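Structure below; questions to follow.
The values are calculated or read from the model by the stated rules, or taken from the named source; none is laboratory data. What you see is a predicted model, and the numbers here were worked out from it, not measured in a lab. Cβ atoms come from the backbone with ideal geometry, glycine included; neighbour counts cover every protein chain shown.
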Amino acid sequence: MRQQAYGYAAVTLFCLGIAPVAQAELKPISEETMGEVTGQAFMQIENIDGGVDGLQFTRMTLGMDVETRVNIDDVTAGEIDGGVDFAAQHVALGHIARNDGKQFNGRTYSAGDTVHFEAFKPYIELAEDPAEGKLSGFRMGFGQARGSVSSLTSSFSGDIGLKLDDGSGTIYDATLMDQNAQPTRRRASHIGIVDPAAAPADCTSGAATNCAPLTRLQSLIVGQEGTDGVTDFTNDFFIGFQREDVNWQSPDGANVISAEQGVFINLPTSMTVGMNQLITQGVQRLQTHRNDMGKQLF
């Protein structure tokens, strides 16, 4: 045993002794060998010209894909001047299928299956005014996003791409409004139809016309309309924080979305909901907890 110990010690000392003089040579590899190597940058940085606004944009995109289901108790953003730009309780991304055979995102799920919120290529984008050398705003979003968003929202700033059916088959773009049925994209509490061709909106409780509280809208499917009823990915889902009004470009450059000062959430959806349903029943909440607590959870 002692001889073995001496042997191990000798080998160890020998290795330690030659370590300081060990050498390695870097050799170039052929293009053919390089062609067999694949990879992807973890982060891509783009500088984008803002055009007529004179702003300069820098977008940092992460080369990663995320599938998640998450619950958040309370979210408050932009609390200033005696109000709040966005306030919601029981926020959830993704949900759980209640019944067998339910179809979401082009797939069929069984009861109890998790239906993830899919978020690909997350990014952070900065808008800078080069004349003043100040940050005009920044936003966080996804190159592609699709899935359910659930909440009990009392104040919303931004845009919700919902469509509403007035009951006669006429479809309108939903309008965010305050409790007095005045259209607004800042700190809205209600949603409905505001159009010269439609009946005037009235948000009076118990006698509402073309107006419903945002709390009636408990679950939405983020995405854009695809073929065969399948919801496709959208690249316009983001939350922005602006010191001044900013025109944000879609990641593919196809759209420009004007965001007002403060917090701005752009929530694209392919859903169409009946106005009367929204007033009387609302859009029921999807199952967002492992133990199902009901369709009108809060």
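Pairs only if they're at least six apart or on different chains, beta carbon under 9 angstrom, first in region 264-292 and at positive phi, second outside any loop (DSSP other than H, G, I, E, B) and of a type in the set (A, V, I, L, M, F, W, C); list them, first residue then second.
Final answer for the pair search is GLY282/ALA212; GLY282/LEU217.
Let me ask something else about it. Within region 253-272, does at least one residue satisfy the condition of being loosely packed, with under 14 Cβ neighbours inside 10 Å and more than 17 Å from GLY161 (Cβ to Cβ)?
yes
Yes/no per residue for (1) touching a residue at least 12 places away in the same chain (Cβ under 8 Å); (2) on the phi > 0 side of the Ramachandran plot:
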| residue | (1), (2) |
| --- | --- |
| ASP49 | no, no |
| GLY63 | yes, no |
| GLY78 | yes, yes |
| ALA92 | yes, no |
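Next question, about the same structure. Counting just the residues of region 225-239 that are part of a strand (DSSP E or B) and either within 11 Å of the chain's Cα centre (by Cα) or of a type in the set (D, E, K, R) (or both), which one comes out modelled with the lowest pLDDT? Spell out how you get there, then give the answer.
Of the residues in region 225-239, the ones part of a strand (DSSP E or B) are 225, 231-232, 234, 238-239.
Next, only the ones that are either within 11 Å of the chain's Cα centre (by Cα) or of a type in the set (D, E, K, R) (or both) stay: 225, 232, 234, 238-239.
On the way: GLU225: 87, ASP232: 94, THR234: 96, PHE238: 98, ILE239: 97.
By that ranking, first place goes to GLU225.
Is it true that GLN44 is over 30 Å from HIS289 (Cβ atoms), modelled with pLDDT under 95 and part of a strand (DSSP E or B)? Steps first, please.
Working: over 30 Å from HIS289 (Cβ atoms): yes; modelled with pLDDT under 95: yes; part of a strand (DSSP E or B): yes.
Answer is yes for this residue.
Something else: Which one of the conditions (1) within 22 Å of the chain's Cα centre (by Cα); (2) more than 19 Å from HIS190 (Cβ to Cβ); (3) not basic (Lys, Arg) does ILE160 fail to meet, given that it meets all the rest?
It is condition (2) that ILE160 fails.
What's the number of the only condition in (1) touching a residue at least 60 places away in the same chain (Cβ under 8 Å); (2) among the β-branched types (Val, Ile, Thr); (3) under 18 Å from ALA77 (Cβ atoms) that ILE171 fails to meet?
In the conditions (1) touching a residue at least 60 places away in the same chain (Cβ under 8 Å); (2) among the β-branched types (Val, Ile, Thr); (3) under 18 Å from ALA77 (Cβ atoms), ILE171 misses (3) alone.
Among the residues that make up region 75-93, is at least one of them at pLDDT below 95, assigned to a loop (DSSP other than H, G, I, E, B) and of a type outside the set (S, T, N, Q)?
Within region 75-93, one or more residues are at pLDDT below 95, assigned to a loop (DSSP other than H, G, I, E, B) and of a type outside the set (S, T, N, Q).
Somewhere in region 208-224, is a residue in contact with a Gly (Cβ under 6 Å, 6 or more places away or on another chain), farther than 29 Å from HIS116 by Cα and either modelled with pLDDT of 95 or more or surrounded by 20 or more Cβ atoms within 10 Å (Cβ to Cβ) (or both)?
yes
Please determine, by comparing only the residues of region 112-149 that are free of Cβ contacts under 8 Å to residues at least 24 places away in the same chain and within 30 Å of ILE96 (Cβ to Cβ), which one is surrounded by the fewest Cβ atoms within 10 Å (Cβ to Cβ). Outline the logic, then answer.
In the first step, residues of region 112-149 are kept if they are free of Cβ contacts under 8 Å to residues at least 24 places away in the same chain; the result is 112-113, 132-133.
So of that shortlist, the ones also within 30 Å of ILE96 (Cβ to Cβ) come out as 112-113.
Working: GLY112: 13, ASP113: 15.
The qualifying residue surrounded by the fewest Cβ atoms within 10 Å (Cβ to Cβ) is GLY112.
Does ASN247 fit the bill of being crowded, with 17+ Cβ neighbours inside 10 Å and either assigned to a strand (DSSP E or B) or touching a Pro at 6+ places or on another chain (Cβ under 6 Å) (or both)?
No, not satisfied.
While we're here: Looking at (1) exposed (fewer than 12 other Cβ atoms within 10 Å of the Cβ); (2) more than 17 Å from SER151 (Cβ to Cβ); (3) within 23 Å of the chain's Cα centre (by Cα), which is the one condition that is false for ILE80?
Condition not satisfied by ILE80: (3).
Another question about this same structure. Based on this model, can you work out whether LEU135 counts as under 26 Å from GLY262 (Cβ atoms) and in contact with a helix residue (DSSP H, G or I) (Cβ under 6 Å, 6 or more places away or on another chain)? Spell out how you get there, then give the answer.
On the way: under 26 Å from GLY262 (Cβ atoms): yes; in contact with a helix residue (DSSP H, G or I) (Cβ under 6 Å, 6 or more places away or on another chain): no.
No; evaluated as a whole, the condition is false for this residue.
Name the strands (runs of 3 or more DSSP E) wholly inside region 150-189 in which the number of residues that are of a type outside the set (Val, Ile, Thr) is 3 or more.
Values: elements: 158-160, 163-165, 171-173, 175-177.
Strands (runs of 3 or more DSSP E) meeting the threshold: 163-165.
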